[in-house]
Amino acid sequence: MMMCLISLSTMGRPASSSKMVLLAALLLPHVVWAFVAPPPTCGDGCSSCRSRLLSRLQWTVSDYLNTLHVITDDTVFDTKQVNTNNFSGDDDDNNDDIIKPMSWGGGNRISKNMYHVALPKALLQELRTYANDMGITDFYRGLIIDGPSYNPGQEKSVTFQQQNWMVHRPKSHWKSNMHWLSPADETAHDDYLTILSSGGFDQVLDSIGAYFNLDSLSAYHLSFIGVSQCERGFIHTDVNDSGVMAFNLIIPLMLVEGEGPELEILSDDETTTRYYQYEYNVASMIGDGALHATASCDYMSKGEMRLCATVYVGDITATNVRNLLMSLTQAYPPVGNAKHLLDRAGDHWSKTDISKRLPVPMMKN
């Protein structure tokens with residue numbers, strides 16, 4: 001059990017013997033908590049319940065990382081690395097110009113699986129319009145500006161335009177009023193996909209597939225995230241052990257002018273933090289084991305909030321599907337259901353089949 005914990009906590013990175021011993025000692029209380037107060041299960045030991053238990057353990061490991069001493073400085077992020085003006089979506093687009101590794105101080109990369117990606121400019125307007133028309137923007141204003149917010153750890157089913165969604169506020173150790181909102185079933189998920197299609201997200205999938213030399217891609221987990229106050233960021237990962245085949249793209253929709261960087265990034269060796277400022281028409285793309293957090297912020301005095309869309313994309317295979325399931329936090333896709341994801345593998349992009357695209361919106365009468 002202890003060797004398993006050490007493997008999980010280092011998340012695939014080498015660690016010194018002394019660090020591993022210290023890690024084991026500090027992690028023990030978190031492990032006891034994880035199993036003394038497990039998440040609800042059906043009692044039959046099904047794969048969905050086992051996945052929830054493993055996810056609980058993963059988050060307690062992440063909680064440990066937040067207790068580490070981290071060296072910080074004001075090294076400036078290398079800007080103008082992606083040129084959104086050159087994104088045409090044509091076959092001759094240079095994917096190396098559309099996708100760039102995040103770096104600081106003249107090319108210094110501290111997290112090997114952190115990238116930023118130029119987006120089609122139509123995508124921002126499509127997602128904003130969708131959030132407004134569905135009532136999602138006003139819903140967030142009510143939650144995190146006007147209040148009251150949900151209690152930490154609370155989740156609830158909600159309906160937008162006769163579609164089923166689930167809203168979830170992370171537990172109190174996140175130290176923020178961030179809420180996640182995701183489609184709760186396939187109908188709502190597929191409707192969200194049509195908005196991505198209208199905004200040109202197929203072009204983004206083309207670029208990701210080519211840049212990483214993948215076989216296929218699916219946009220398998222979608223959400224909106226909103227926040228107006230964060231006391232201290234909670235270091236965590238979004239994707240682990242996918243084989244560098246899955247990523248979470250954070251797409252800014254509403255930013256607060258004049259505020260500091262929104263994303264805190266912890267180095268792969270867990271010694272240094274850097275900060276990244278969001279910008280419109282550019283996504284932050286987070287891959288395997290990339291440690292990050294919401295940077296401290298307080299927009300309450302301005303009566304404003306930050307709103308982003310998130311899109312998990314991946315080349316889903318029998319080898320990585322279990323690890324992808326462990327990263328899911330919402331109701332859809334179904335927790336622990338590997339067959340569901342595998343059945344939808346490659347639905348939205350394929351190296352060899354140009355017919356694999358995002359679903360297009362249905363024509364309205």
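Restricting the search to the range 322-335, which residues are open to solvent by less than 60 Å² (accessible area, probe 1.4 Å) and either farther than 19 Å from THR187 by Cβ or acidic (Asp, Glu) (or both)?
Selection gives ASN323, LEU324, LEU325, MET326, SER327, THR329.
Candidates in the range 163-189 are the residues that are touching an Asp or Glu at 6+ places or on another chain (Cβ under 8 Å) and either part of a helix (DSSP H, G or I) or charged (D, E, K, R) (or both); of these, the one that is least open to solvent (accessible area, probe 1.4 Å) is ARG169.
So that you can scan it fast, the table gives a plain yes or no per residue for (1) surrounded by 22 or more Cβ atoms within 10 Å (Cβ to Cβ); (2) free of Cβ contacts under 8 Å to residues at least 40 places away in the same chain; (3) in a loop (DSSP other than H, G, I, E, B):
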site	(1), (2), (3)
PHE224	yes, no, no
ARG232	no, no, yes
GLU257	no, yes, yes
GLY260	no, yes, yes
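Is it the case that some residue within the range 190-213 is more than 21 Å from ASN281 (Cα to Cα) and crowded, with 21+ Cβ neighbours inside 10 Å? No, every residue in the range 190-213 fails to be more than 21 Å from ASN281 (Cα to Cα) and crowded, with 21+ Cβ neighbours inside 10 Å. Selection of the range 108-140 for residues being farther than 29 Å from PHE160 by Cβ, open to solvent by 50 Å² or more (accessible area, probe 1.4 Å) and touching a residue at least 24 places away in the same chain (Cβ under 8 Å) yields ASN108, LYS112. With respect to the conditions (1) modelled with pLDDT under 95; (2) in a loop (DSSP other than H, G, I, E, B); (3) over 16 Å from the mean Cα position of the chain (by Cα), SER301 lacks only one, and its number is (2). For the range 240-247, the criterion of being modelled with pLDDT of 95 or more, open to solvent by less than 30 Å² (accessible area, probe 1.4 Å) and touching a Pro at 6+ places or on another chain (Cβ under 7 Å) is met by none of the residues.
Looking at the range 336-365 only, could you name the residues that are more than 24 Å from ASP202 (Cα to Cα) and open to solvent by 30 Å² or more (accessible area, probe 1.4 Å)? Across the range 336-365, the qualifying residues are ASN337, LYS339, ASN365. The number of residues in the range 265-288 being open to solvent by less than 10 Å² (accessible area, probe 1.4 Å) and either of a type in the set (A, V, I, L, M, F, W, C) or in a loop (DSSP other than H, G, I, E, B) (or both) comes to 8. Just one of (1) closer than 24 Å to GLN163 by Cβ; (2) under 22 Å from the mean Cα position of the chain (by Cα) fails for MET326. It is (1). Looking for something without any contact (Cβ under 8 Å) to a residue 40 or more places away in the chain and in a loop (DSSP other than H, G, I, E, B) - is there at least one such residue anywhere in the range 313-332? So far as the range 313-332 goes, yes, one or more of its residues are without any contact (Cβ under 8 Å) to a residue 40 or more places away in the chain and in a loop (DSSP other than H, G, I, E, B). What residue, among those in the range 175-193 that are of a type outside the set (Phe, Trp, Tyr) and more than 12 Å from GLN163 (Cβ to Cβ), is modelled with the lowest pLDDT? In this case the residue turns out to be LYS175.
The values are calculated or read from the model by the stated rules, or taken from the named source; none is laboratory data. These figures come from a predicted structure and were not determined experimentally. Backbone-built Cβ (ideal geometry, glycine too); neighbour counts: all protein chains shown. Heads up: the accessible areas ignore ligands, DNA and RNA and are worked out on the full protein's heavy atoms, side chains in. Shrake-Rupley method; radii C 1.70, N 1.55, O 1.52, S 1.80 Å.
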